Amino acid sequence: MTKHPLMEDIAHVLITERQILSRIDAMADEIAADYRDKDLVLVGILKGAVVFFAELYKSLRMPAAIDFMAISSYGAATHSTGTVRVLKDLDISVEGKHVLIVEDIVDSGLTLQYLKTNMLARSVASVRVATLLDKPERRKVDIQPDYCGFTIPNEFVVGYGLDYNERYRNLREVCVLKPEIYTR
Ligand code: IMP
């Protein structure tokens, strides 16, 4: 396989594709066991969660509806502004359904806090969160994901859906960028 040109900007690979796929498969089994016979809707948060979402959904051995929400992101900055805005709302009604929010990463926790409150206001049966990555060191609010792929150190990561300035989402691994990429 030829080397991905975007890898030139990468300092090191934090989590390999093989580790990611195996962990997602285990998460899917855990979720399927917990939601057996329940009316489940996976709500993917655009755009960072799309790659994780697709893999988790394919690995889930039970029926589940899907929908997506887009909320304002950091833009080109590498830290949270704390302001959350809905850019695209759900298409289907989740009233009375069990909602599983699918996120790429929980950082300050502000996005998640907003999303959970937003879902609960729709009279859902329950709301939980599955995230590929968790950076607990950076938490500003007391909130924990219910299903977590990997706990990572306080480093800005890209790949497997996560971007810096809309780049690197299509890398197959979770990677740490060379510092000069975001300081220049
Ligand atoms: P929170 O509201 O601070 O928890 O931020 C969550 C969102 O920030 C995620 O859904 C990501 O889009 C973005 N984010 C946080 N940390 C990183 C990172 O290391 N790389 C890329 N995006 C990140």
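Between the stretch 108-184 and the stretch 13-31, what is the separation of their alpha carbon centroids in Å?
15
Under a 5 Å amide H to amide H cut-off, with H placed in plane at 1.01 Å, what residues pair with TYR160 once short-range neighbours are removed?
For TYR160, whose amide H was placed from the backbone, the distant partners under 5 Å are LEU171, ARG172, GLU173.
What distance in nm lies between label points placed 7 Å from Cα along the C-beta direction at ASP67 and LEU6?
2.9
Return one number: the angle in degrees, 0 to 90 and rounded to the nearest 10, between the long axis of the Cα atoms of helix 17-34 and the longest principal axis of the Cα atoms of the chain.
10
So which GluC sites (Glu not before Pro) in the stretch 93-157 pass both tests, a DSSP loop state and at most 15 other Cβ atoms within 10 Å of the Cβ?
GLU95, GLU155
Tilt of helix 50-59 relative to the longest C-alpha principal axis of the chain, in degrees (0 to 90, nearest 10)?
Between helix and principal axis, roughly 50 degrees.
Compute the whole-percent fraction of alpha carbon pairs in the stretch 121-184 spaced more than 16 Å apart.
Across the stretch 121-184, Cα pairs with separations above 16 Å total 58 percent.
So what is the relative contact order for the stretch 10-143, in percent, with contacts set as C-alpha pairs under 8 Å and at least six apart?
Over the stretch 10-143, the number comes to 23 percent.
Counting only other residues whose beta carbon sits under 11 Å from that of HIS12, what net charge do I get with K and R as +1, D and E as -1?
Once all neighbours under 11 Å are counted, the net charge is -1.
Only helical DSSP H runs with n ≥ 4 go in: add -39500 (n - 2.57) per run for the chain, normalise by residue count and round the 222 nm mean residue ellipticity to 500 deg cm²/dmol.
-7000 deg cm²/dmol
Would you please give the residues with an amide H less than 5 Å from that of GLY149, counting only those at least 5 places away or on a separate chain, with H modeled from the backbone geometry?
Residues meeting the criterion, in which the H sits 1.01 Å from N, are THR131, LEU132, LEU133.
Treat every Asp and Glu Cβ in the chain as -1 and every Lys and Arg Cβ as +1, leave all other atoms uncharged, and give the resulting dipole magnitude about the Cα centre to the nearest 20 debye. Could the numbers behind the result be given before it?
Working: 23 positive and 26 negative charges, 42 e Å.
Result for the chain is approximately 200 debye, rounded to the nearest 20.
What does the charge count around GLU137 come to, taking other residues whose C-beta lies under 15 Å from its C-beta (Lys +1, Arg +1, Asp -1, Glu -1)?
0
When 1/r is averaged over all different Cα pairs and the result inverted, which Kirkwood radius in Å belongs to the stretch 94-135?
Values: mean 1/r = 0.0951 Å⁻¹.
Final number for the Kirkwood radius of the stretch 94-135 is 10.5 Å.
Exposure proxy check: HIS4, HIS98 ranked by fewest other beta carbons within 10 Å?
Ordered from fewest to most neighbouring Cβ atoms within 10 Å, HIS4, HIS98 come out as HIS4, HIS98.
Starting at the first residue of the stretch 151-167, write each ³J(HN,Hα) from the Karplus equation 6.51 cos²θ - 1.76 cosθ + 1.60 with θ = phi - 60°, in whole Hz, x for Gly and Pro.
8, 10, x, 6, 9, 6, 10, 9, x, 6, x, 7, 10, 10, 6, 6, 10
Taking θ = phi - 60°, what integer Hz values does the Karplus form 6.51 cos²θ - 1.76 cosθ + 1.60 yield along the stretch 104-112, in sequence order, with x for Gly and Pro?
7, 8, 9, 10, 5, x, 5, 4, 5
Return the Rg/Rh value of the chain, two decimal places, where both radii are evaluated on C-alpha atoms and Rh is the Kirkwood radius.
0.96
Using a 10 angstrom cutoff on alpha carbons, build the Gaussian network for the chain and name the most mobile of TYR160, TYR35, TYR147.
Fluctuation is largest for TYR35.
Towards the positive end of the charge dipole of the chain, with charges on Cβ (+1 Lys, Arg; -1 Asp, Glu), say which of LEU110, LEU40, ILE152 has the farthest Cα.
LEU110
Every number in this text was worked out from the coordinates using simple rules, so none of it is lab data. What you see is a predicted model; the values in this text were computed from it and never measured. Backbone-built Cβ (ideal geometry, glycine too); neighbour counts: all protein chains shown.
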